[in-house]
Structure formats: structure tokens, C-alpha cells
1. Mind checking the dipole of chain B: about its Cα centre, +1 per Lys or Arg Cβ, -1 per Asp or Glu Cβ, Debye to the nearest 20?
2. Taking θ as phi - 60°, what are the ³J(HN,Hα) couplings along the range A:251-264 by the Karplus curve (6.51, -1.76, 1.60), each to the nearest whole Hz, with x for Gly and Pro?
3. Three principal axis extents, largest first, for the C-alpha atoms of the range B:55-112, in Å?
4. Explain nothing, just the number: dipole magnitude of the range B:242-365 about its Cα centre with +1 on each Lys and Arg Cβ and -1 on each Asp and Glu Cβ, in debye rounded to the nearest 20.
5. What's the percent breakdown of Cα-Cα distances in the range B:241-357 across 10 Å bins, shortest bin first?
6. To the nearest 10 degrees, how steeply does helix A:195-223 sit against the main Cα axis of chain A, on a 0 to 90 scale?
7. For chain B, compute the orientation-averaged projected area of the C-alpha convex hull (one quarter of its surface), in nm².
8. Would you mind computing Rg(Cα) / (2.2 N^0.38 Å) for the protein assembly as shown, counting N as its residues?
Amino acid sequence: MDSSYNQRFNRWARMNQEEFKEKWNQEKAIHEAWGKLIVNKLSESLADEGKDLDSFLKLPAKHRLKDDKSLIDKAFYRADKQYRDPYSEIEDKVGARLVVLLIEDIKDICKIVESCELWTFDPCKHFDNDRHESPLLFTYQSVHYILRPSEEIEYDGVTIGTEFPCELQIRTLLQHAHAELTHDAIYKAQKTVQPEVSRTVAKCMALIETTDTFFSEVTQKLNYGPLQEHRINDKMNSLYSNLTGIQPINCKSSLTIWDQFEQFLDDSLIDKIKAFTEDDNYKVVIDNIPQRLNTNIIYEQSIILFVYWMLLFKKRRLLRDWPLDKNLLEPLANDLGVTLEG
Amino acid sequence: MHLLNFNVDRIIIHQVFQRDLDGSKVPPTQSHEFTRFDSSALEAFRTRVKDAIGDGSKAVQMEIVDQGDHDLPTLVNNMVDQNDDDFAVSSYDAAKLLNDVQNSKSIPGGIVVVFSGTHGSPSKKFWGVMKADIYSGYKKEVNPRTNEISLEFIKELLLTPASRLYKTAVFIEKANYEADCSDLNDKWFVLVSDSQINKADGKAAAKYFYSGFLGCGYPETSARTTKKFYEHAHKFIEDLDMPETSKVNLYNALTTYLKVDQASTVSSSEFAERYIDNIDVQDEFTCYMREQGLPGNAFTKDLEHIQTKLKFRKIKFRRNIQIQAPADKFEQFITMKPINGNEDENGVPEKWTQVTIKDSIVGQE
């Protein structure tokens, strides 16, 4: 771009700076409302998915208006950004940010963002794409969406039109740490950044990407097994509530039991347990579960059906590897008339 | 599975005594009140009953033989419908019957627990009796001040978890029967748990209880059930996914268990736990046998229909070669193991068997 063009462009832009400010001041409240609505909606959807926001989000979810000074700076004085219509082209006048622990958590949020009908989305940045396009580059990583209302909405006493953008950033905690360093320390550096500093920052990103992958691997190994793969818990809970009319409770002790007998957890397990519950001979035992609710907490958990099944079909394995107090099995064995004596 | 979801409603206790030095009867001590257990004691009692006669126990099914007015089966048949007062009186009649048949000074006294309740759906009745030997034992005492533990001697202790210390019989009302059936066997299914029955030649020692007192006998179907056990166990081993040479030990075990072992009862659980190494295969075996209609508990052994089968063990090879040996000698004198033979054109060795017979040849045809 030649220098005469730049001069002409800047002259044209300066002419609009006052108008820009005025418009921004008029519409701040609308941007503010839109950012707030997005954060509230996302928090609500995550909670609906069963996420505990206090632990799932590593920083409280917040929206933030760009401050006047940096907005003007970005619109008119940044050498790397030259806008024809800065007011509408700058899409991060209001931003919201979600910071999570794992790459997988980001995927969960993306699913929610992309399926919500409240807004239209423009996936303007994704680290997966960046990695694909510039495999040799280690730099700022994050997921960015520009969200605009899919139709005009009333919120917080203002009307938000479909042209109002909000930039949503989604990152891991480590990506966030890197962004904080680069944004605060590098962009705002008082002197020219030396190549070796840039090189070190790039090394940090490489390390962070590696660590994020290890984090995911560890979490997957800790939390993913046949129980999750075959969705055993959900299926057992629905079987239990269909049979008893009672909503089962979930206790940690049942995870201990599933863990211990992991070798039996496969696609056919639920069918086998179902077949047992449908057997006329054992109907009386299943029908009696509601009457026994107060006698022992295991009667309130869907895993009782698995333990009954084990008592009938895998008794010796059950007795040998039972991870909890053996006395817990006695009442269940009594229900079935199965002896536990060797 | 005979007692599903069973509840015990009434429990009453009497005591019978050993004959005195002259061999004369000592009258039993009678209770008039029912025993009221709290819920945990009742659950423990349920456990004792279930451990004695439940699925996987050593209890055996018996047939009602004595059906006269004064025999126990008739008494039971009447008792289950009686009100509490009459039930209490009749239960003492049962204790007297037991006292009468304990006609040898060698038979110890004990506590007679008579109980009844319901099971299954639609709800059916059951009636039970336990004769519990009395032992001494200790009770833990904790000094509340010092937390020191001491033991208090208890001279008379009973119904501990060891079911060999008591004899149990349960009459279980069948799901379907004619209201006016004349044979009590049509209405009642009887299970008897008595550790003496399971012992080698234990029938005689146990007879006063199952026959004299309960009026029962071994079922006529024992021989058929034993044959069924042999055939299905054989089939189970045959279908196991393991090399034939590894099955040799299991076939040997089946013969040993039925023929060589002197116990008078047979059970799938006992065979599994004694002879099958892998615990999951043990579970598969007992489930398979139950699916084939064999009792989940024990049954009395009668080898009548399988004598010839048990006489010889035969091993057949593909080229019409056979090894035959008396069943009781096979395990002791013949060992075999798989070895690699000549290689075929692809370099894969043929599967051969190396047989060792610990004996010399005495004749040839």
C-alpha cells in the first residue's frame, strides 16, 4: 500500500472519529446487554448439561466492553488494522470469555454455541484450523466466535438488533496464561521485542500445546472406561426407574463397584440384566424394591439390579472381589434366597 | 430358587434334651410366647435360614413319606393356617415329636426353633424348623471408661453363622396344586439341611431327623437327577473352549466326584468349587447346570443309571485309536500331554499326544 493512499485514508478516518465516539456512546448499553445475555445463556446451557460452573469454568464467566481509548486506538491508529468502516468492522466492541481446563471442555462449549438458536455465529478463529494452516507456527491459540442475535431481542431494557456483534473467546487455562503474557507483556512492551523473546514465547506455546494434550490424555484415562463407553449408568438408571417408578440416586460407592467388575461392562450387559428383571421368577424381588428403600441405601441405586444379577450369575466372582462391606450383600442375597456360604 | 423374597412372621422356641443316663426321655421345655426379633436380628435370622436351604446351599430336597394324622407333615399342613395361640401349642407338639425320636443317648439336645412366613408372588406359605446345637462362646465387652476389651463367657450360644451347627427343614408351599390333593407332596416342597447328610455314609446318623422326625425320605428321582448331572456336566466340559488334553483332568474329576467320593449328596456348587480352577468358569458351570434344570442346592446321589458310564474312562483319537481304563485307575496311572508332531508341507506341526501309562504290558491281542 503506497504512502499517499495511507494519508488519504487517515484523513478520511479522522473525519469520522467524533461520529464514531458519539455512536459508541449511544450504543454502549446495547453492547453491554448483548454481552451479558450471551454469558447468561451459556452459563444456563452448561448448567443444563450437568456442569458445575464453579469447577468447570476456571475463571468466572464475564463480558466486557472495550474501553474507549483502546477502541479508538484500534479503529484509527493501529498500523496493522486499516478499516473502511471501523465501527461495523470492529467486532469485539463487547467480548465474553470462557476459560476451561481441557481441550475437550472447549469442544463441549462449541457444541452449545453452535446449536443455540438465540444467535447466528461466525467461527472466526479456531486453533485447530490455525494448526492445520500453519503447522510450523506456535502462537496465540484460542477459539473465537462472533455472535449476533438471530432476531431482534429485548433485554435489560434495550433492544438489541441483529447487527450487534460480540466476540466470544473460549480457551484452556494454559492458553489463557499464554494470552495474558503475550497481550500484556508483548503488545504493551515499552521497547521493541527482541527476536529471542519472541522465540521464547513461541517455545512456551509449543510447551503449552503439548501439556494440554497430556492433560486431556490423563483425564481421559482417569474418567473414560467401559462404563462411559457403553453409557451403563444412564441405561441402568432408566431401567431402574422404569421398573420401580422411582428416580434412582447416584452414590460414589456405585462407581467403586463398577470399577471392580469392569470386565463385565459391555454392550450385552444391560440386555442380560433386563432379561433377569423380566424373568417371572424374579419379578417379586424387583417389585419389592420400593418397600425396602428405607432399609439400605443400595435399594435406592440402580446398581442394585447389577448386584442382584451378579448374585445369581456371577456369585463367586462377586464374593471374591466385592469392594465394600460384605454385610451389604446379605439382605440382597436374602431377597433372592441365595446362600453366600462357600 | 425356592424362597424368593421370603418373610418370617412367627418364631417360637422350645428346648429338647438328650436322653438321661437310663436312656429315658426328658420332656422338652415349652415356650408360650413368640420371639420378637428387632429388624437386624430378624434379618440375621433370614440369613441363617437362607444360608441353610437357599440356592447354592448343601440342603437336599426330600419327599414326604409319613402322612398319618400324628406325623409331622400333617401337623405342618394344619399349623400354617392356625391362629397364633394354636400355632404356639402345635409347635410344641413338633418339639415333642423330635424329643421322641431322639432315641439314642448319643444324640444331643438343643433348641428347637419353629417358624413360619410367606414367600414369592402371589404370596405362598412356608413352615420351618431348626434344631440348633448349643455351644459355648464369648461375648465382647468394652469397658466404657477405659475402652479395654474383655470377653464374657457364654455357656449357651446358638445360631452362629456356621450352618453345620444346626439342622434345618423347610416345607415350602408350591405355586400350583389341587385344593383337595391327597398327597402332601403335591402341596409341599421339602428341603432339609443337615451337615450329617452330606458326609460320607452320613445317612444313618441323620436318619432320626429327616425320617423319624420330619417323616421324609430320599426322593425316588435321585437316580435320574444324578444321571442328568453327569450328562450335563459332561456336555459343559465338552463345550469348554480349551485343548482336549486340558479337559482330561475335568473329566477325571467328574468321575472321581461321583464315583470315588463317598459323600451321599451331589451339588453343582460343590463340584465347581472343588474341581474348576477359574472362578468365572465356576460361575458359568453353576448357571449352566441351573439352566438345565438341576437343583441350585444339593441332591442325594444315586448312581443306578450311570454305573456303566462311570466304570470306564475312554479317550478316543482321530485315527480310531482308543485308550480305556477303569475310572478309578485312570487318574492315578495315566497321564497325557500335547506335543508337536511331524510338520506338514506348510511347516505346521501336527498335534500329537504323549501318553504315559505307569504300568507294564501283560498281554496283547
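The values are calculated or read from the model by the stated rules, or taken from the named source; none is laboratory data. What you see is a predicted model, and the numbers here were worked out from it, not measured in a lab. In this analysis, Cβ positions are derived from the backbone assuming ideal geometry, glycine residues included, and neighbour counts consider all displayed protein chains. Surface accessibility is based on the protein's heavy atoms, side chains included, excluding ligands, DNA and RNA. Shrake-Rupley method; radii C 1.70, N 1.55, O 1.52, S 1.80 Å.
1. Details: 44 positive and 54 negative charges, 189 e Å.
Dipole of chain B, to the nearest 20 debye: 900 debye.
2. So the J values, rounded to whole Hz, are 10, 5, 4, 5, 5, 4, 5, 4, 4, 5, 10, 4, 5, 8.
3. 34, 31, 22
4. 500
5. 11, 36, 32, 16, 5, 1
6. 20
7. 29.2
8. Working: Rg = 39.7 Å, N = 707, 2.2 N^0.38 = 26.6 Å.
Ratio of Cα Rg to 2.2 N^0.38 Å: 1.49.
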